[in-house]
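Student: Structure provided below as structure tokens; questions to follow.
The values are calculated or read from the model by the stated rules, or taken from the named source; none is laboratory data. What you see is a predicted model, and the numbers here were worked out from it, not measured in a lab. Every residue, glycine among them, receives a Cβ derived from its backbone with ideal geometry; neighbour counts consider all protein chains shown. Just so you know, the surface numbers come from the protein's heavy atoms only, side chains and all, with ligands and any DNA or RNA stripped out. Shrake-Rupley method; radii C 1.70, N 1.55, O 1.52, S 1.80 Å.
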Amino acid sequence: MQVFREHHDLRGIPVSPGIVIGKAYLLDRRKVRPPERIVDPAEVEAELRRFRRALAQTREQLEALREHYRESHLGEHGYLVDVNLLMLDDRMIVQETERHVREKLYSADWAFWSVLERIKASFDAMEDEYFRDRRTDVEHLGDRILRNLAGRRHESIADIRGDVVVVAHDLSPMDTAQMDVARVKGFVTDLGGRTSHTAILARSLNIPAVVGLESVTDRANGGDTVAIDGLSGVVVLNPTEDQLKEFRRRRTRYRAFRRELESFAALPAVTRDGHKVRIGANIELQEEAASLERYGAEGIGLYRTEFLYMNRDHPPTEEEHTIAYRHMAEAAHPFSVTIRTLDIGGDKLVHSVPTQDEINPSLGLRSIRLCLREPQLFKTQLRGILRASAAGNVRLMFPMVSGLGELQQTLAILEEARGELRREGVPFDEAMPVGVMIEVPAAALTADLLAPHVDFFSIGTNDLIQYSLAIDRGNEHVAYLYEPLHPAVLRLIRRVADAAHAQGISVAVCGEMGGEELHTLVLLGLGVDELSMHTLSIPRIKRLIHHAALSEARALADRILTLGTAAEVQRTVEAYMRAHHPSVLDPVEFGWSAPATAAKVS
């Protein structure tokens, strides 16, 4: 009997590059949603025992997975299992569930599900995309516990036979790590984000992947032919013969492009006219530092320290800070690591930090403001950073400084920490460079006042754009107004660079603009000295810099600074890049376009 295969053109979020064609393996991971059930008081202890057995079973499964990581080439990602194991002990997860069983007489399943929903809502409210994406980690762990509570089998990707493309509603990092890359050619999912751990693992495994397709599991059937373009996010179910030829041709081109890119990773970023640009990496987790050399990073331009404070009841000790930062200093050697102090606030999941409920947390008690309100908490971190600076390659950076008065208060606490260490005879780097992030318009407009007091600036373009344009980019109604090339943003960057250079200090960009090829020449032309980005972007940025000249970047910047709207700037930059650096707009081949009927996913 002939099986009719439906054709679908889709578009999602490309999270791991590569072009593959394979047969669909539909992974059944439907959500486990327990029924609302109230138990008899006499059943409470039995429900609590059932919950604890499910936790113990989950722990056994995770420890087996950790052993799998250790024995495979994924040892560097073993921390993902450790994070899940830590969550199993999380106060909110365990104690709150047990409280719901005891006090509300919820069944164990219903109590745990209720707690889980509240935790996920807390992540949804977070401003930072990276931390917001941690919601999926909680969700994946929760699904595993609920399956164990319900006595349902956890279908394993390790059981897959044959060459396939996995089609799933969602995949956890554990699922991804178990993929046999000799069999699984790629994967596509309904859900997922660019900075999820699943996406990070897919890139590490070189498995092409597109996520956020919304309904691919509704449209696909097992055995369908699936073509994935992990560069553009295009996915085609049961492609036509012409589309298959196009995918195969692009696949050949992409393999050649990868070989070319790899040759740039080890080279310094120097323009045709001899201008050197330092390219650093943005790192969130210690284990990510293992990829610095592979992608050609010259140190760590931004190390976010918030992860140290999450999923725990008490803030990290000075010793824990010191150990973590020393590890990063060693990983970055012989280059430097720029450590950003705590940048968090209003996030309910950070139990270890005294935050408060706020109507508008992005404009409230967060970041350096929170640290100045809690000087002892702040000083503990500063002492840890100072002790780690004895390695000699540590830079310290303060986020969200809004003016000179705030900077002076911050530096006073830093000096107190230095004085304490001197009196205690604890070694540290007296000359450790200290900088500030320029993230709010007030800091950009007073950069000339800040510059004499610090050793460097680093522009956090994500927040600078958001605050300058008064745009919440997570708000779907106004997200279209989030415009990196808005004239106001460009003028602020130029102002900051001029103020820095007048004082003889450097200026970096560590926001998303730093890793976007379309913006590279604009930033260099405006006077930015250093760029820091996700490690995967580094070879492509280096490749562009090698083919470009600083003189053309300056001419382009001068030209766009005369334009009045973001749309005009965007068109001008795209036209320039199309004429002079066309591979930036399409790295594999110019002229590729998404299918006209593609379902657009923002």
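Student: Can you pull out the residues in the range 518-540 that are at pLDDT below 95 and open to solvent by less than 20 Å² (accessible area, probe 1.4 Å)?
Tutor: Filtering the range 518-540 down to residues at pLDDT below 95 leaves 518, 533-540.
Matches in the range 518-540: Met533, Thr535, Ile538, Pro539.
Student: Quick one: Asp273 ticks every box in (1) farther than 30 Å from Phe378 by Cβ; (2) among the acidic types (Asp, Glu); (3) in contact (Cβ under 8 Å) with a residue 60 or more places away in the chain; (4) not in a loop (DSSP other than H, G, I, E, B) bar one, so which box is it?
Tutor: In the conditions (1) farther than 30 Å from Phe378 by Cβ; (2) among the acidic types (Asp, Glu); (3) in contact (Cβ under 8 Å) with a residue 60 or more places away in the chain; (4) not in a loop (DSSP other than H, G, I, E, B), Asp273 misses (4) alone.
Student: Condition (residue is crowded, with 17+ Cβ neighbours inside 10 Å, outside any helix (DSSP H, G or I), free of Cβ contacts under 8 Å to residues at least 40 places away in the same chain and not aromatic (Phe, Trp, Tyr)) applied to the range 446-459: is it met by at least one residue?
Tutor: There is no residue in the range 446-459 that is crowded, with 17+ Cβ neighbours inside 10 Å, outside any helix (DSSP H, G or I), free of Cβ contacts under 8 Å to residues at least 40 places away in the same chain and not aromatic (Phe, Trp, Tyr).
Student: Next question, about the same structure. Count, please, the residues in the range 509-558 that happen to be in contact with a Lys or Arg (Cβ under 8 Å, 6 or more places away or on another chain), of a type in the set (Gly, Ala, Ser) and more than 20 Å from Arg571 (Cβ to Cβ).
Tutor: Counting residues in the range 509-558 that are in contact with a Lys or Arg (Cβ under 8 Å, 6 or more places away or on another chain), of a type in the set (Gly, Ala, Ser) and more than 20 Å from Arg571 (Cβ to Cβ) gives 2.
Results for (1) more than 26 Å from the chain's Cα centre (by Cα); (2) open to solvent by less than 10 Å² (accessible area, probe 1.4 Å); (3) of a type in the set (D, E, K, R), shown as yes or no for each residue.
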residue: Tyr25; (1), (2), (3): yes, no, no
residue: Arg33; (1), (2), (3): yes, no, yes
residue: Val39; (1), (2), (3): yes, yes, no
residue: Ala46; (1), (2), (3): yes, no, no
residue: Leu55; (1), (2), (3): yes, no, no
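Student: Kindly check whether there is at least one residue in the range 489-511 that is part of a helix (DSSP H, G or I), more than 26 Å from the chain's Cα centre (by Cα), at pLDDT 95 or above and farther than 26 Å from Glu298 by Cβ.
Tutor: Among the residues of the range 489-511, at least one is part of a helix (DSSP H, G or I), more than 26 Å from the chain's Cα centre (by Cα), at pLDDT 95 or above and farther than 26 Å from Glu298 by Cβ, which makes the answer yes.
Student: Please determine whether any residue of the range 152-162 is open to solvent by 40 Å² or more (accessible area, probe 1.4 Å) and modelled with pLDDT of 75 or more.
Tutor: no
Student: Could you check the range 467-488 and list, in sequence order, the residues that are touching a residue at least 60 places away in the same chain (Cβ under 8 Å) and part of a helix (DSSP H, G or I)?
Tutor: If the condition is that a residue be touching a residue at least 60 places away in the same chain (Cβ under 8 Å) and part of a helix (DSSP H, G or I), then Ala479, Pro487 are the ones that fit.
Student: Kindly indicate the residue of the range 480-508 that is touching a Gly at 6+ places or on another chain (Cβ under 7 Å) and open to solvent by 70 Å² or more (accessible area, probe 1.4 Å) and also nearest to Val569 (Cα to Cα) among those meeting that condition.
Tutor: Among them, the one singled out is Asp498.
Student: Next up: Filter the range 214-230 down to the residues that are among the acidic types (Asp, Glu) and either under 9 Å from Val167 (Cβ atoms) or open to solvent by 10 Å² or more (accessible area, probe 1.4 Å) (or both) and list them by number.
Tutor: Result: Glu214, Asp218, Asp224.
Student: Search the range 90-118 for residues being modelled with pLDDT of 90 or more and open to solvent by 40 Å² or more (accessible area, probe 1.4 Å), and hand back the single one that is nearest to Ala150 (Cα to Cα).
Tutor: Ranking the candidates gives Tyr106 first.
Student: A further question follows. Can you tell me which condition Arg423 does not meet? The list is (1) part of a helix (DSSP H, G or I); (2) of a type outside the set (Gly, Ala, Ser); (3) under 18 Å from Phe378 (Cα atoms), and all the others hold.
Tutor: All conditions are met except number (3).
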